[in-house]
Amino acid sequence: MTLSEENTVSTPLGIIMNGVTGRMGYRQHLVRSILAIRDSGGLELSDGRRIVPRPILVGRNERKLADLAAQHGVEHWTTDLDEALRDDSAPIYFDAQVTQAREKAIKAAIAAGKHVYTEKPTAESLDGALDLARLATEAGVKNGVVHDKLYLPGLVKLKRLIDGGFFGRILSVRGEFGYWVFEGDWQEAQRPSWNYRKEDGGGIVVDMFCHWSYVLENLFGRPEAVTAKAVTHIPTRIDEHGQRYTATADDAAYGIFELPGGVVAQINSSWAVRVFRDELVEFQVDGTEGSAVAGLRECRIQHRATTPKPVWNPDLPVTERFRDQWQVVPDNADLDNGFRAQWEQFLRHVLEDAPHPYDFLAGARGVQVAELGLRSSEEGRRIEIPEVTV
C-alpha cells in the first residue's frame, strides 16, 4: 500500500444483494464485481474518497448463504429481505433473483427508499416494468438495469468503429448466439431447469431479446419493428433431481429487427445449437465502406479497399482462407470485466450523480421487445415497436 492510499479515507457502503446464490449473481455480480472492488481497496470517487462495498447477502437457502459468507469473508447475510431493507447503512439494493420474484422485491426496496440496481428482465410484463420505472421516479431513487454486453471488449471495439465512421452507411447486422445445453440425461445440463419452463419464467426470448434490445439500441438505433419465430426444439429434459419434465418454454428464437435508417438486424438465439464460430456470440456488421465481426472479446474488420473478390465456382476447390483476410482490431485500452465496469458506473451514479443512462425505462424497453417478439411468433407476423414512456 502506498502512502497516498494509507491517507485515503475509506468509507464502507452497504449493498443488499438478493439472489447471489444463483450462477450469474454469484460469479459475475458478487465475486467478480462487488468482492473484486472490495478486495482491491474500494472504488475511488472524484473527491478522493474511497468507497468499500459491504455486501449483505439475501436469499432463501440459509445453508448456501452461510457457506458463501464464510468462504468470502462476508459478515452479514439473512433470509429475511425486510430485515435487510431496514438497514440504514445499506442505501443500495441489487436483485439477481428469478424474474418471477424480482418485481415484488424491487417494489419493497423502492418503498424502503433504496437505490436499485437489477438484472433483467426487470419484470414479467411491460406493464410491470413500466410500473417499476414509475414508482422509482416518484420515489426519487436512482435505478439501473444490467446492460453487461455493452461492456464486452468485442462490442466496445465495435462501438469505436461505429463512432469513427468506419462502416460508412450501415446496411445490416447479423448475430449468432448460443450453444448446446445438454438435456440432462447422460450429461448434466449447464443451465437450471427453470429456464425451460414457461410457468417459471423461462424461455430464450424473455432472456435474450432484452439483451438484443439494448445492444441494438445503443449501437445502431432503437428497434422499430420485430418479426420473430420462437420454438422449443427439445421437448423434454431432465431436471436437477434426475426427473424428466416437459419443456414448456422456447429454447431457440429467430428474430428480424428493423432499425432506423433501413438497417436490418437478424439475430439467432439458441440453446440447441452446436458452436462452429470463434465465440459464443458474434455480430457481423456490413456497411458500404467496411465490415466487422465482433464477439465477446475479439473484433475483426475488412475495409472496402482491402475486400477481395471471391469467385463462385462449385467445380473448383476453394484456395483462399476467407478468415485470414480480416484484420484484428487492437484493444487500445485495459478493458475490465464488464459487470464490474457497470457496477462502478452505477455506484458513481448513486454517490456523485455521474451519468448512468441504463435505467428502469431502458429495462422496460427490453421487456417490451421480448413481449412483442413472443407475440410476433404466436401471431406469425411483423409487429411495430411503439415508444414507451413512464
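Residues checked against (1) farther than 21 Å from Trp326 by Cβ; (2) surrounded by 14 or more Cβ atoms within 10 Å (Cβ to Cβ):
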site: Tyr245; (1), (2): yes, yes
site: Ala249; (1), (2): yes, yes
site: Ala253; (1), (2): yes, yes
site: Leu259; (1), (2): yes, yes
site: Gln266; (1), (2): no, yes
site: Val273; (1), (2): yes, yes
site: Leu280; (1), (2): no, no
site: Gln284; (1), (2): no, yes
site: Gly290; (1), (2): no, yes
Name the single residue, out of those in segment 55-100 being among the β-branched types (Val, Ile, Thr) and modelled with pLDDT of 95 or more, that is farthest from Ala111 (Cα to Cα). Val74
From the options Pro355, Pro386, Pro330, residue that is modelled with pLDDT under 95 and out of contact with any Ser or Thr (no Cβ under 8 Å at 6 or more places or on another chain): Pro330
Of a type in the set (A, V, I, L, M), outside any loop (DSSP other than H, G, I, E, B) and either without any contact (Cβ under 8 Å) to a residue 60 or more places away in the chain or more than 30 Å from Ile234 (Cα to Cα) (or both): does that describe Val318? no
Might you let me know whether segment 157-168 holds any residue that is out of contact with any Lys or Arg (no Cβ under 7 Å at 6 or more places or on another chain), in the same structural domain as Phe257 (by TED's automatic domain parsing) and within 26 Å of Glu352 (Cα to Cα)? no
Just need a number here: residues in segment 183-201 that are part of a loop (DSSP other than H, G, I, E, B) and surrounded by fewer than 16 Cβ atoms within 10 Å (Cβ to Cβ). 6
Which condition breaks for Gly73 when tested against (1) in contact (Cβ under 8 Å) with a residue 12 or more places away in the chain; (2) closer than 21 Å to Leu43 by Cβ; (3) surrounded by fewer than 16 Cβ atoms within 10 Å (Cβ to Cβ); (4) not charged (D, E, K, R)? (1)
Any residue that is buried (at least 18 other Cβ atoms within 10 Å of the Cβ) and either of a type in the set (Gly, Ala, Ser) or under 21 Å from Lys159 (Cα atoms) (or both) - is there at least one of those in segment 233-240? no
Of all residues in segment 101-128, which are among the aliphatic types (A, V, I, L, M), touching an Asp or Glu at 6+ places or on another chain (Cβ under 8 Å) and either farther than 28 Å from Arg27 by Cβ or crowded, with 19+ Cβ neighbours inside 10 Å (or both)? Ala105, Ile106, Ala109, Val116, Ala123, Leu126
Just to verify a result, which residue in segment 331-390, among those that are β-branched (Val, Ile, Thr) and assigned to a helix (DSSP H, G or I), is farthest from Leu135 (Cα to Cα)? Val369
Is one or more of the residues making up segment 52-61 closer than 24 Å to Val350 by Cα, surrounded by 13 or more Cβ atoms within 10 Å (Cβ to Cβ) and among the basic types (Lys, Arg)? yes
Answer from Val74, Val20, Val58, Val52 - the residue that is within 24 Å of His211 (Cβ to Cβ) and of a type in the set (A, V, I, L, M): Val20
Output the residues belonging to segment 276-298 that are more than 15 Å from the chain's Cα centre (by Cα), more than 17 Å from Leu259 (Cβ to Cβ) and not charged (D, E, K, R). Phe276, Gly290, Val293
So which of Asp286, Asp278 is within 30 Å of Glu183 (Cα to Cα) and either at pLDDT 95 or above or assigned to a loop (DSSP other than H, G, I, E, B) (or both)? Asp278
With respect to the numbered conditions (1) free of Cβ contacts under 8 Å to residues at least 40 places away in the same chain; (2) in the same structural domain as Arg27 (by TED's automatic domain parsing), which one is the sole condition not fulfilled by Thr99? (1)
Can you name the number of the only condition in (1) closer than 26 Å to Pro153 by Cβ; (2) crowded, with 21+ Cβ neighbours inside 10 Å that Glu344 fails? (2)
Residues located in segment 112-127, provided they are touching a Ser or Thr at 6+ places or on another chain (Cβ under 8 Å) and not charged (D, E, K, R): Pro121, Ala123
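The values are calculated or read from the model by the stated rules, or taken from the named source; none is laboratory data. Source: prediction; values computed, not measured. Every residue, glycine as well, gets a Cβ built from its backbone with ideal geometry; the counts of neighbours run over all protein chains shown.
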